[in-house]
Amino acid sequence: MNRREFLLAAAGAAAASTLSFSSRLFAAPAGTPRFLLVFLRGGYDCNNLLVPCGSDFYYESRPTLAIARPDTNNPDSALPLDANWALSPVVRDSLYPLWQKKQLAFIPFAGTNDLSRSHFETQDHIERGEPLGPVANYRSGFLARLSGVLNNDTPAIAFTNNLPLSFQGAGRDIPNISLKGDPKAHFDDRQSAILAGMYKGTALAQASADGLALPKTVSDDLRNEMVAASRGAPSAHNFAAETRRIATLMRDQYRLGFVDIGGWDTHVNQGNTKGGLANNLKNLGEGLAAYADAMGDAWNDTTVVVLSEFGRTFRENGDHGTDHGHGTVHWVLGGKVAGGRIAGEQLAVTQTNLLQNRDYQVLNDYRDVLGGMFARLWGLNGNQLQAVFPQARPKDLRLV
């Protein structure tokens, strides 16, 4: 690599880096599993993504928010998946083709047993991956523990401004880099020191220093896109551009990743096929479809899980929105995912089956579901799974 090529690579690291921040350059073995966790911060309304179209109660509960039952003559109606469930038409061109190829599955009645309905408490609980209890360790996240169990065979990265709780406590450097349109999207001091140290004493030492400084002065379009929403997570706007950058790293170098997206707290004027939620879902769907496309053949070794801290109230509120709920719907995507199905334990969507007469129940605990998935992806044994999710009871839904 010559100096000019290095400068371009280092500058692109703020948007599409192909460099590792670990203590050495590392390429994971070909064919090893790739896992990306997409965290929707704010509690997205799952009922207007995976529509319980077979439930009369859904339509009674949402006089202005409900998405119409499947109807070939109505382009704004839901897309049928089976007799009970349908998909929002805003993801017709992105997620629906993945469903048809059986590369997408949904897990309703999913989530955590945390009933605080607090964004921060529940987000932290999920990222820690610990059972509820009087003592909580805020310096240990479940992805960090998974990374430790897998050792260096599964290089990890967070696509965030700051290292998320889920990756804290790994006992080694986990790189984080913001690939978002954030005016602060550049290496922090820790990352810069790690990367500069890799080239100290080499012919590329000065080039690396120049390259680290260059992102501060390039790409006006990236600088002008502002980070919005929960805990600094950006909205789903332009997510497709971000996922293509993420794919560059996950395809070529990393195998365990995390990205978060904000803007899902829809208390007022939520809309159905139009409005803020629909726009976010459309952008998210396009981003995930772009990610699948950009991964190329590596999509066959890739699993993506989309989750949120909780769902929304089943009934709409007086402001044509929804409030903090409990159970939600997780998504599982991948080239070899056993998709095209609604997975996990389920109940009929009726008033009598609501939790506290307001929310979806949680029948599929996220720790159990992810534990079962990790066992299949990496062949983890019982002791290893307990290290990642203490006291969990892994549930194998045979999705991977």
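Of everything listed in (1) surrounded by fewer than 24 Cβ atoms within 10 Å (Cβ to Cβ); (2) closer than 29 Å to residue 116 by Cα, the single unmet condition for residue 310 is (1). Of the residues that sit in segment 67-88 and are outside any loop (DSSP other than H, G, I, E, B) and out of contact with any helix residue (DSSP H, G or I) (no Cβ under 8 Å at 6 or more places or on another chain), which one is farthest from residue 52 (Cα to Cα)? Within segment 67-88, the match that is farthest from residue 52 (Cα to Cα) is 80. One residue is enough: does segment 103-113 have a residue meeting the conditions modelled with pLDDT of 95 or more, under 30 Å from residue 398 (Cα atoms) and surrounded by fewer than 20 Cβ atoms within 10 Å (Cβ to Cβ)? Among the residues of segment 103-113, not one is modelled with pLDDT of 95 or more, under 30 Å from residue 398 (Cα atoms) and surrounded by fewer than 20 Cβ atoms within 10 Å (Cβ to Cβ), which makes the answer no.
Residues checked against (1) over 16 Å from residue 50 (Cβ atoms); (2) assigned to a loop (DSSP other than H, G, I, E, B); (3) in contact with a strand residue (DSSP E or B) (Cβ under 8 Å, 6 or more places away or on another chain):
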| site | (1), (2), (3) |
| --- | --- |
| 332 | no, no, yes |
| 336 | yes, yes, no |
| 345 | no, yes, yes |
| 349 | no, yes, no |
| 362 | no, yes, yes |
| 367 | yes, no, no |
| 372 | yes, no, no |
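How many residues are buried (at least 22 other Cβ atoms within 10 Å of the Cβ) and not in a helix (DSSP H, G or I) when one looks only at segment 89-102? Within segment 89-102, residues that are buried (at least 22 other Cβ atoms within 10 Å of the Cβ) and not in a helix (DSSP H, G or I) number 0. On the stretch given as segment 378-400, residues that are in contact with an Asp or Glu (Cβ under 9 Å, 6 or more places away or on another chain) and without any contact (Cβ under 8 Å) to a residue 60 or more places away in the chain total 3.
Residue 44 falls short on exactly one of the conditions (1) in a strand (DSSP E or B); (2) within 20 Å of residue 346 (Cβ to Cβ), and that condition is (1).
For the structure I just gave you, tell me whether residue 139 is touching a residue at least 12 places away in the same chain (Cβ under 8 Å), under 30 Å from residue 81 (Cα atoms) and in a loop (DSSP other than H, G, I, E, B). Answer is no for this residue.
Taken over segment 133-161, the residue count meeting the criterion of being hydrophobic (A, V, I, L, M, F, W, C), in contact with a helix residue (DSSP H, G or I) (Cβ under 8 Å, 6 or more places away or on another chain) and more than 15 Å from residue 371 (Cα to Cα) is 5. Contact annotation: no residue pair with Cβ atoms under 9 Å, 6 or more positions apart or on different chains, pairs a residue in segment 118-131 that is on the phi > 0 side of the Ramachandran plot and surrounded by fewer than 22 Cβ atoms within 10 Å (Cβ to Cβ) with a partner that is part of a helix (DSSP H, G or I) and modelled with pLDDT of 95 or more.
Anything in segment 315-344 that is in contact with a Leu (Cβ under 8 Å, 6 or more places away or on another chain), over 16 Å from residue 359 (Cβ atoms) and not aromatic (Phe, Trp, Tyr)? List them, or say none. Matches in segment 315-344: 320, 332, 333, 337, 338, 339, 340, 342, 343, 344. Looking only at segment 336-351, decide whether some residue is crowded, with 24+ Cβ neighbours inside 10 Å and touching a Gly at 6+ places or on another chain (Cβ under 9 Å). No, that holds for no residue. Filter segment 357-386 down to residues that are of a type in the set (Phe, Trp, Tyr) and surrounded by 21 or more Cβ atoms within 10 Å (Cβ to Cβ) and give me whichever is nearest to residue 330 (Cα to Cα). Looking at the filtered set, the residue picked out is 366. Inspect all residues belonging to segment 41-57 and state whether any of them is in the same structural domain as residue 321 (by TED's automatic domain parsing) and on the phi > 0 side of the Ramachandran plot. The answer is yes, given that some residue of segment 41-57 is in the same structural domain as residue 321 (by TED's automatic domain parsing) and on the phi > 0 side of the Ramachandran plot.
For residue 158, the stated conditions hold: it is at negative phi, small (Gly, Ala, Ser) and at pLDDT 90 or above.
Within segment 68-89, restricting attention to residues that are in contact with a Gly (Cβ under 8 Å, 6 or more places away or on another chain) and either in contact (Cβ under 8 Å) with a residue 40 or more places away in the chain or among the hydroxyl-bearing types (Ser, Thr, Tyr) (or both), which residue is nearest to residue 329 (Cα to Cα)? Among those that are in contact with a Gly (Cβ under 8 Å, 6 or more places away or on another chain) and either in contact (Cβ under 8 Å) with a residue 40 or more places away in the chain or among the hydroxyl-bearing types (Ser, Thr, Tyr) (or both), it is 85.
Among what's in segment 232-262 and is touching a helix residue (DSSP H, G or I) at 6+ places or on another chain (Cβ under 7 Å), of a type in the set (Gly, Ala, Ser) and modelled with pLDDT under 90, pick the residue that is nearest to residue 291 (Cα to Cα). Checked segment 232-262; the qualifying residue nearest to residue 291 (Cα to Cα) is 240. With respect to residue 317, is the statement that it is surrounded by fewer than 19 Cβ atoms within 10 Å (Cβ to Cβ), at pLDDT 95 or above and not aromatic (Phe, Trp, Tyr) true? When the stated conditions are applied, residue 317 passes them.
The values are calculated or read from the model by the stated rules, or taken from the named source; none is laboratory data. The shown structure was predicted, so the numbers you read here are calculated from the model rather than taken from an experiment. FYI the Cβ positions are ideal-geometry reconstructions off the backbone, even for glycines, and counts take in every protein chain you see.
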